[in-house]
Amino acid sequence: MSTFYVTTPIYYVNDVPHLGHAYTTIVADTLARYHRMRGDHTRFLTGTDEHGQKVEEAANKRGLTPQQLVDQVAPRFDETWKTLGIDRYRFIRTTSDKHKKVVAHLWKRIREHNPEDLYLASYQGWYCVGCEAFYTESQLIKEGDQWCCAIHKKPVNWLDKERSWFFKLSKYAEPLLAYIDKNPDFIRPEQYRNEIVSFLKGGLKDLSVSRTSFQWGIPVPEPDPEGLSHVIYVWMDALTNYLSDLCPADGSIGGKDVAEYWPHALHIIGKDILRFHTVYWPAFLMAAGLPLPKGIFAHGWWTVRGEKISKSMPATRIDPIKLADALSVGPLGRPIGIDAMRYFLLREVPLGLDGDFTFESLFGRFNAELANDLGNLVNRSLTLIGKSPVRPAYDGFIAESGAHAALAAVAKSAIAEATLEYDRLAPSRALEAIWKLVREANKYVGDTQPWALAKDDSKSDELAHVYHMLASVIAIVGGLVTPVLPTTGRALRQWVGVADDALDRWPTPEDLMTIVGEVAKDPKPLYPRLDDKAQKKIFDTMVPPDTTAPAPAPAAAEATNQITYEDFAKLDLRVGRVASAQPIKGKDKLLQLTVDLGEAAPRTIVAGIAQAFPADSLVGKSVIVVANLAPRKMAGLMSQGMILAAGDEQILGLSAVDRDVPPGTRVK
């Protein structure tokens, strides 16, 4: 058993929870769930940052004390995480008595270990209230005749000769560079490590770590000879939360939990607070003679149609609870809506990169990967098993080659790859590995054709094995997706009879040989497809009524035989995967194709491409199919669709997609 300690930033109480906050918290929750499934001793911390000038000013405007204001606002975050099913987290508030004591102890430890590192002086400079930080002009942007914060895009204030305690940050550039060089995984991903290394090599300036211009904060635990009242700089206060939650009630820095968890601490943060976590925080700890956390992982920003999420722009503020509820289109309700939101956020962009939220991408992934890919696998597999008198069985049939062996190999690979990618903090790549298994299992259904086996009593042993493989793979997929899709994963495992004491266990290759339990006869459809009407309803629910929807793309240059979008929308274009292809006797131009469109059974399509493509070269290829073309009899066969190809009399190429997407994905 290992130990895993993951934290989110503590969220500032002048904001309301939005998609960006939810993303960071869901990432941490996913990692914590994974480590619990692996049997690791796991701790997960989030909370709220409640001190500072912004809070004091906001409270004064409302006629409240700062404490009254934060007591009203802080519970929003806790309630949001509970509503979104975030699991077994600890919630810290920086106004708690223990946290205040730990911050004061940290200050005293710095004075004890490096007394010269804290000193009094005066400071003047540009200050951003939003960042609670000073900046040089080279770090700001000029808008008109005003200097503005590069992050908040708002004017900064000039503070003139404020007396302050300073921390000798300049002393720690070289020690930090040496530490990062020795511990390259301390800052991830690599581009952010390189950014901080470059920043450190430019040298550091000493840091103002107290304020006298406001009083809403933790008092500096030593007097100012001039009698001024100082509160501790909000970042020294806030960053200490990761340690203070582990400390005993008296606020001393130490004890059982610090010893057990602190060496394994992983801070998940947004890239906008990278410097505070990778420069200021480790420097404070070094000065106090304390060990550094195991690592800091920075993720990118989420934008909404290219615009950064902002309080001042309502169209960019996606309420995560509202979104989850809007996606609750199936019989399992909000938990599945939450899973769908989690899947999109963690699958759409690799952790560490920026992501852009669009409803087109959300609906596309929902339909293609959750409804078509996973939903079809589960629905058709369990429907076949539930209606059959033949029960899943591992024994009685030798399956060491062909589709059976191929599916087993992909299942074992998916377990290994998903484990590796979760360990690497790459949930998007873990999901990619899992979906290879989902697609292989859908292909397996088409290859083994259990509906045909069921018609031949002599094939009952093979049919029992096919059912066993499908049930086992669904159980494995359920386990592998559980960190990201907790409700979905648990439901899948329950539906194939996984024992209660194994529901929260991480899958192993041996699970392929485990006899599954009783398979559910009436599984609920997890992810019903979002048709145009459902998509419009979700969009109308989420987009504020005073927000203008994005304008349609400019019309193309006038051309002959133009059609309207409504005409085009009548076409149901889908990605299909060719499962088999064979010539048609006496028809030199025609091939008989079996194409998987993610449906219960593959389709037969007759295509006039035999002179351009040998039959065996097409197996496994992804093609684009007109799926709603009326069936037509050709060469004595009923063709159930049409393959799109380039060329007229001479076929020059097949229409396809530029990446591996699941069969049944809609093309639009």
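List of remarks:
- Scoring residue 630 on the criteria (1) exposed (fewer than 14 other Cβ atoms within 10 Å of the Cβ); (2) under 29 Å from residue 438 (Cβ atoms) leaves a single failure, condition (2).
- One residue from 445, 498, 519, 484 being touching a Lys or Arg at 6+ places or on another chain (Cβ under 7 Å), part of a loop (DSSP other than H, G, I, E, B) and of a type in the set (Val, Ile, Thr): 484
- Residue 196 being at pLDDT 95 or above, over 24 Å from residue 297 (Cβ atoms) and crowded, with 18+ Cβ neighbours inside 10 Å: no
Yes/no per residue for (1) more than 26 Å from the chain's Cα centre (by Cα); (2) under 21 Å from residue 112 (Cα atoms); (3) assigned to a helix (DSSP H, G or I); (4) touching a residue at least 40 places away in the same chain (Cβ under 8 Å):
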| site | (1), (2), (3), (4) |
| --- | --- |
| 192 | no, no, yes, yes |
| 225 | yes, yes, no, yes |
| 228 | yes, no, no, yes |
| 266 | no, no, no, yes |
| 280 | yes, yes, yes, yes |
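- Residue that is of a type in the set (D, E, K, R) and in contact with a His (Cβ under 6 Å, 6 or more places away or on another chain), where the choices are 206, 237, 181: 237
- Residue 371 in contact with a helix residue (DSSP H, G or I) (Cβ under 9 Å, 6 or more places away or on another chain) and crowded, with 19+ Cβ neighbours inside 10 Å: no
- Each residue in the range 99-153 was checked for being at pLDDT 80 or above and in a helix (DSSP H, G or I), and 18 of them qualify.
- Inside the range 598-632, residues that are assigned to a strand (DSSP E or B) and under 30 Å from residue 383 (Cα atoms) make up a count of 10.
- Considering the range 617-636, the residues that are touching a strand residue (DSSP E or B) at 6+ places or on another chain (Cβ under 7 Å) and under 13 Å from residue 581 (Cβ atoms) include one that is modelled with the lowest pLDDT, namely 620.
Let's see how each residue does on (1) touching a Pro at 6+ places or on another chain (Cβ under 6 Å); (2) aliphatic (A, V, I, L, M); (3) in a loop (DSSP other than H, G, I, E, B):
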{"residue": "179", "(1), (2), (3)": "no, no, no"}
{"residue": "215", "(1), (2), (3)": "no, no, yes"}
{"residue": "243", "(1), (2), (3)": "no, yes, no"}
{"residue": "247", "(1), (2), (3)": "no, no, yes"}
{"residue": "250", "(1), (2), (3)": "no, no, yes"}
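- Residues in the range 448-465 that are assigned to a helix (DSSP H, G or I) and either in contact (Cβ under 8 Å) with a residue 40 or more places away in the chain or not hydrophobic (A, V, I, L, M, F, W, C) (or both): 12 in all.
- Residue check for residue 204: touching a Phe, Trp or Tyr at 6+ places or on another chain (Cβ under 8 Å), closer than 16 Å to residue 99 by Cβ and in a loop (DSSP other than H, G, I, E, B): no
- Residue 425 being touching a strand residue (DSSP E or B) at 6+ places or on another chain (Cβ under 6 Å) and farther than 23 Å from residue 324 by Cβ: yes
- So residue 400, is it of a type in the set (Asp, Glu) and not in a helix (DSSP H, G or I): yes
Rundown of residues vs (1) assigned by TED's automatic domain parsing to the domain that holds residue 99; (2) in contact with an Asp or Glu (Cβ under 8 Å, 6 or more places away or on another chain); (3) under 28 Å from residue 56 (Cα atoms), yes/no style:
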{"residue": "147", "(1), (2), (3)": "yes, yes, yes"}
{"residue": "163", "(1), (2), (3)": "yes, yes, yes"}
{"residue": "193", "(1), (2), (3)": "yes, no, no"}
{"residue": "198", "(1), (2), (3)": "yes, no, no"}
{"residue": "209", "(1), (2), (3)": "yes, no, yes"}
{"residue": "212", "(1), (2), (3)": "yes, yes, yes"}
{"residue": "236", "(1), (2), (3)": "yes, no, yes"}
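- Residues located in the range 326-364, provided they are among the hydroxyl-bearing types (Ser, Thr, Tyr) and touching a residue at least 40 places away in the same chain (Cβ under 8 Å): 343, 358
- Looking at 516, 575, 481, just one residue is touching a helix residue (DSSP H, G or I) at 6+ places or on another chain (Cβ under 7 Å) and modelled with pLDDT of 85 or more, and that residue is 481.
- Candidates 415, 434 - the one that is part of a helix (DSSP H, G or I), without any contact (Cβ under 8 Å) to a residue 60 or more places away in the chain, of a type outside the set (Ser, Thr, Tyr) and outside the structural domain of residue 577 (by TED's automatic domain parsing): 434
- Hey, residue 297 free of Cβ contacts under 8 Å to residues at least 24 places away in the same chain, closer than 24 Å to residue 486 by Cβ and either among the basic types (Lys, Arg) or touching a Leu at 6+ places or on another chain (Cβ under 8 Å) (or both) or not: no
- Among residues of the range 252-265, those that are surrounded by fewer than 20 Cβ atoms within 10 Å (Cβ to Cβ) and either more than 18 Å from residue 90 (Cβ to Cβ) or touching a Pro at 6+ places or on another chain (Cβ under 7 Å) (or both), counted: 4
The values are calculated or read from the model by the stated rules, or taken from the named source; none is laboratory data. On a predicted model such as this, the values are computed, not experimentally measured, just so you know. Cβ atoms come from the backbone with ideal geometry, glycine included; neighbour counts cover every protein chain shown.
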